Amino acid sequence: MNRQAQSAVLFLLGAALLHAGSTDLYLRYVKAGLRPLLLAAGVVLIVAAAATWWYERKQAPGGESHAHREPRISWLLLLPLLALILVAPPALGSYSATRTGTALQEPVVYGKIPATGPLKLALVDYAGRAIYDNKNIKGREIQIAGFLALDKDGTPYLVRMALSCCAADAQPVKVALTGDIPPVLQPDTWLLITGTYSPKRMADPVNGGPIPFIQVTRAAPVAQPTDPYDETWNG
């Protein structure tokens, strides 16, 4: 691939990064905090593309580029770039969650919660409190959101994929459902669960990790959030 082709690939890659970083598409790949770095990388690649094109034009006699015969198959390198621009990959869902053990960790610190009223908690936050420090959530009305996953034995979980850096390291945190569970459960459906703390818990069949329960009183479908991954650990 000659320098002009290389500059074209660099330009398209930079444009793809800028496109992803300037929209919500980047959230399917990396955590929200990496957005400035993603945009900066896109700018650097476009500048590098322009510099490569200028250098090739400058080196060519009369301002014209040298002609080189290049294998046409090399242009297939553009296909992943076009896929990045045109196709938004789905967020990891129930298929990954039921084949990966829970990644629940004991929180280093717990955020403050209001003394009265319903507790609107991140699923990862509720799971950590329910297993390791449940004194402040007992008897409180709790709301958590996540997507549904069904284990091999039919056990329903509400799940969020916890993110440390990028989608490649996303791991599920699961909360098992008991109580007034919807009669029809469709995996990957996003639900807002209202309920109360349950002392019941189980071992994840994949890795033996702890899975808390929540006593469901209401369940309502909700739209998938703009950022489908939970970054509570990054906070």
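If a residue must be under 21 Å from the mean Cα position of the chain (by Cα), farther than 19 Å from Ala130 by Cα and open to solvent by 10 Å² or more (accessible area, probe 1.4 Å), how many such residues does the range 161-188 contain?
Number satisfying all stated conditions: 10.
Looking at the range 106-117, I want the residues that are at pLDDT 85 or above and have a partner that is in a loop (DSSP other than H, G, I, E, B) with Cβ atoms under 7 Å, at least 6 apart or on another chain. Which pairs are those?
Ile113/Asn136
Please find, within the range 199-235, the residue that is surrounded by the fewest Cβ atoms within 10 Å (Cβ to Cβ) out of those that are within 21 Å of Pro118 (Cα to Cα) and of a type in the set (Gly, Ala, Ser).
Ala223
Filter the range 31-48 down to the residues that are under 19 Å from Ala168 (Cα atoms) and free of Cβ contacts under 8 Å to residues at least 24 places away in the same chain, then identify the one that is most open to solvent (accessible area, probe 1.4 Å).
Residue satisfying both the conditions and the ranking: Leu37.
The values are calculated or read from the model by the stated rules, or taken from the named source; none is laboratory data. Note that the structure is predicted; figures quoted are calculated from it, not measured. Don't worry about glycine lacking a Cβ; one is built from the backbone with ideal geometry, like all the others, and counts go over all protein chains shown. Just so you know, the surface numbers come from the protein's heavy atoms only, side chains and all, with ligands and any DNA or RNA stripped out. Shrake-Rupley method; radii C 1.70, N 1.55, O 1.52, S 1.80 Å.
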